[in-house]
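The values are calculated or read from the model by the stated rules, or taken from the named source; none is laboratory data. A quick note: this is a predicted structure, and the numbers were derived from the prediction, not measured. A quick note on method: Cβ atoms are made from the backbone with ideal geometry, for glycine too, and the neighbour counts reach across all protein chains shown. SASA here: full protein model, heavy atoms, side chains in, ligands and nucleic acids out. Shrake-Rupley method; radii C 1.70, N 1.55, O 1.52, S 1.80 Å.
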Amino acid sequence: MILEEYVFNSCFANDIQALVEQKKQSGYIYDSSKYILIQFDKFCIENHADRSIITKELSDAWQSYHADEAKSRRASRMSVLRQLAQYMNSQGNECYIPSKFSTKSHRVPYVMNNREIKEFFTVVDDYVPKINADRFNILALEYKVLFRFIYCCGLRVSEARKLKLEDIDFERKTALILHSKGDKDRLIYIADDVCKMCQDMLNLLHNNYNFYSEYLFPSSNPSIPLQSASINTKFKEFWKKTSGFSSSRYPTVHSLRYSFVVARMNLWMENGENLTAMMPYLSKYLGHESVENTYYYYHQIESAFKIVRQKDQLSDSIIPEVSNEE
């Protein structure tokens, strides 16, 4: 096939041709990409695509078009489709921009539903250490608050465990998260009941055990915070006691952060809030570099929660590109 002789005929013909011309004028050879666009043009004709808008359904169909192809080849095809979608958006056409297709395999995050969340915290609250000693009773008390703090504030494990008392303002109900991912700082607001929960825990640690530390969640050694390995082990131990436990697929501590996002976005949907307008606030609260990164959660929710598909009329056509690097 001679590339220069091919005439685009699908409903995307004008946009594809304009993109190719733009790339050529910018100095790109663009032959390999044009070949992929020719395949996409034929694909659209074969599948009777009649809307000159790239939707998520069309993107998904194009991604799975060749089931047995190498991942690198699929990544190339999706990259070209992204370019086309971005070009069309720049021309005022609201298209779905597919995410960057990685040749690496990524585990799909486990988003805990309301029942699982309630059952998990019931197990946490019922936990009694096998050894009745101060050091174990102190840790048991901390775990009951730590996991709730992570869930209610949507924090990363490292952010919660390293939090110092000097960075918390219980009167203003704020916490300063320092040197987080990307060495960035941010201020988060804490709900009234979460503040009270932390203060009650501190009072018990001080009055019942005479235990003091600069950290909100210290280890048995008050000079260092709880360690990630210990937190992960305890989370798994609690989860195994729930009815939803499965050895093949199970949540991690980070799932509490995902579940926080799900609960917040579902609430916005139920209240008829504009998701696009609210996402920048959520992104800033989570400590993401951009709203696009936060939309990764959106994709997880879209596949798992019907409310998004019911309430968000734009979800089928204008879901921004996402990143799977949280």
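Quick look at the values:
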| quantity | calculated |
| --- | --- |
| With Cα atoms, 0 to 90° folded angle of helix 275-286 axis to the chain main axis | 50 |
| Between region 40-82 and region 144-212, the alpha-carbon center distance in angstrom | 46 |
| Computed over the chain: relative contact order in percent, which uses C-alpha pairs under 8 Å that are six or more apart | 19 |
| Cα long-axis angle, helix 228-239 against the chain (0 to 90 degrees, to the nearest 10) | 90 |
| Top positive-direction residue, dipole computed over the chain with Cβ charges, set Ser99, Ile29, Phe136 | Phe136 |
| Per residue, in Å², the accessible surface of the chain once ligands and nucleic acids are set aside, probe 1.4 Å | 53 |
| Net +/- balance of residues flanking Tyr215 in space, Cβ distance below 14 Å, scoring K and R +1, D and E -1 | -2 |
| Cβ-defined net charge surrounding Tyr281, 13 Å radius [Lys, Arg +1; Asp, Glu -1] | +2 |
| Mean ellipticity per residue at 222 nm, deg cm²/dmol - from DSSP H runs of n ≥ 4 across the chain, formula -39500 (n - 2.57) | -17000 deg cm²/dmol |
| Accessible-area composition of the chain, carbon plus sulfur, in percent [1.4 Å probe] | 47 |
| Cross-link partners of Lys234 among aspartates and glutamates (Cα-Cα below 18 Å; sequence separation of 8 or more within a chain) | Glu116, Glu119, Asp125, Asp126, Asp134, Glu142, Glu159 |
| Net charge dipole size for the chain [Lys, Arg +1 and Asp, Glu -1 on Cβ; Debye, nearest 20] | 920 |
| Percentage of interatomic Cα-Cα distances in region 1-101 larger than 21 Å | 28 |
| Candidate aspartates and glutamates for bridging to Lys173, where Cα separation is under 15 Å - those fewer than 8 sequence places away on the same chain excluded | Asp192, Asp193, Asp200 |
| Check: region 185-264 dipole with +1 on Lys, Arg Cβ and -1 on Asp, Glu Cβ, in debye | 500 |
| Identified option (computed log10 I(q)/I(0) by the Debye sum over Cα atoms at q = 0.07, 0.11, 0.15 Å⁻¹; candidates [x] -0.33, -0.81, -1.51; [y] -0.40, -0.81, -1.21; [z] -0.26, -0.67, -1.30) | [y] |
| Links that overshoot a 23 Å alpha carbon limit, given the list Lys144/Lys241; Lys130/Lys241; Lys162/Lys184; Lys130/Lys240; Lys118/Lys164 | Lys118/Lys164 |
| Gain on full stretching of the segment that runs from Ser90 to His66 - 0.36 nm per residue minus C-alpha separation | 5.8 nm |
| Reachable aspartates and glutamates from Lys24, criterion Cα separation under 13 angstrom, eight or more residues apart if same chain | Glu4 |
